[in-house]
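The structure under discussion appears below in the form of structure tokens.
The values are calculated or read from the model by the stated rules, or taken from the named source; none is laboratory data. This one's a predicted model, so the numbers in the text were calculated from it and none came from an experiment. We place every Cβ from the backbone using ideal geometry, glycine too, and count neighbours over all the protein chains shown.
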Amino acid sequence: MLIALLIGAITGWLLSMPIGPVNAAAISRTLKDGFRYGLAVGVGGAVMDVIYCGGSAQINQFLVASPIVNLLFEVAGFIALIWLGVHQLRTKPEQPATPEHVKHTIGESAIADGSVGDRAAALAIRRMHIKKKGLAGPFVVGALLYATNVMAVPEWIIISGLWRSWGLLGSGLSINIVFALGAGVGTASWFLVLIRLISKSQSGFKPATLKRINMGTTIAMFAFAGYFGYAIVFGTNWKSVDSHFKQDTHQVLGDSVQSK
């Protein structure tokens, strides 16, 4: 249980580091409204992390029951990590707005000028009639911006499989819940540190700092991908995979003959 909590926290922290929409919104809110409002955005993202991670870990548990499916999943994870690393390397970190230019997340300007995620969050908050200066608004913004990340579920499914392939993440509903709670703790911890730094300095990250953060996460993804590749080649029980493949093929052919 403790290991599941720890690796969940590590993963949640690392996945939260790239400066994307949630980080940018948290920084902007901190610069405009203060520490509590920026942290509320991050907590919204952390809550979504718990939900997405828990569901994805449970899905992964069903997928890896077969050695063949597990191997296919590891190969897909290896390819996905390489793709994510290259994408992260080529993507320019999102620049949070400065105190002079930051705008309210709720309002006509955000809907007109924001990204697709910003506009969706702003519209949803307006429809829910959430108070502009309350903490509920930033919390919902963080949750909705996180929800617009279409790669969140595939990422967590792949990462769950990665930890399981290393033998560090067990199976069972309770294990998956603890792993998800750990992910939430890691995500919330990253935002707590980030928002505290921004609150004290009253300025966003410099472009050079954003590049270093971006490069650090890229290197981490490539490192995971390298180990994933090593585990596929040297850690796979190829005899078991071959045996299950022949058994499944024989069963499919047998069913096909019987149906005729």
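Limited to the range 193-247, what total is found for residues that are at pLDDT 75 or above and closer than 20 Å to VAL41 by Cβ?
9
Over 30 Å from LYS246 (Cβ atoms) and of a type outside the set (A, V, I, L, M, F, W, C): is that true of PRO67 in this structure?
No: the conditions fail for PRO67.
Could you please find all residues in the range 164-184 being part of a helix (DSSP H, G or I) and modelled with pLDDT of 85 or more?
LEU173, SER174, ILE175, ASN176, ILE177, VAL178, PHE179, ALA180, LEU181, GLY182, ALA183, GLY184
Give me the pairs, please: first residue somewhere in the range 156-181 and touching a residue at least 12 places away in the same chain (Cβ under 8 Å), second residue anywhere and among the aromatic types (Phe, Trp, Tyr), beta-carbon distance under 6 Å, and either six or more positions apart or on two chains.
If the second residue must be among the aromatic types (Phe, Trp, Tyr), the pairs left are TRP156/TYR52; GLY161/PHE73; LEU169/TRP163.
Here is a check on your reading of the model: is VAL50 surrounded by fewer than 24 Cβ atoms within 10 Å (Cβ to Cβ) and over 19 Å from SER201 (Cα atoms)?
Details: surrounded by fewer than 24 Cβ atoms within 10 Å (Cβ to Cβ): yes; over 19 Å from SER201 (Cα atoms): yes.
So VAL50 passes the test.
Does the range 23-34 contain at least one residue that is surrounded by fewer than 24 Cβ atoms within 10 Å (Cβ to Cβ), modelled with pLDDT of 85 or more, over 27 Å from TYR227 (Cα atoms) and out of contact with any strand residue (DSSP E or B) (no Cβ under 9 Å at 6 or more places or on another chain)?
yes
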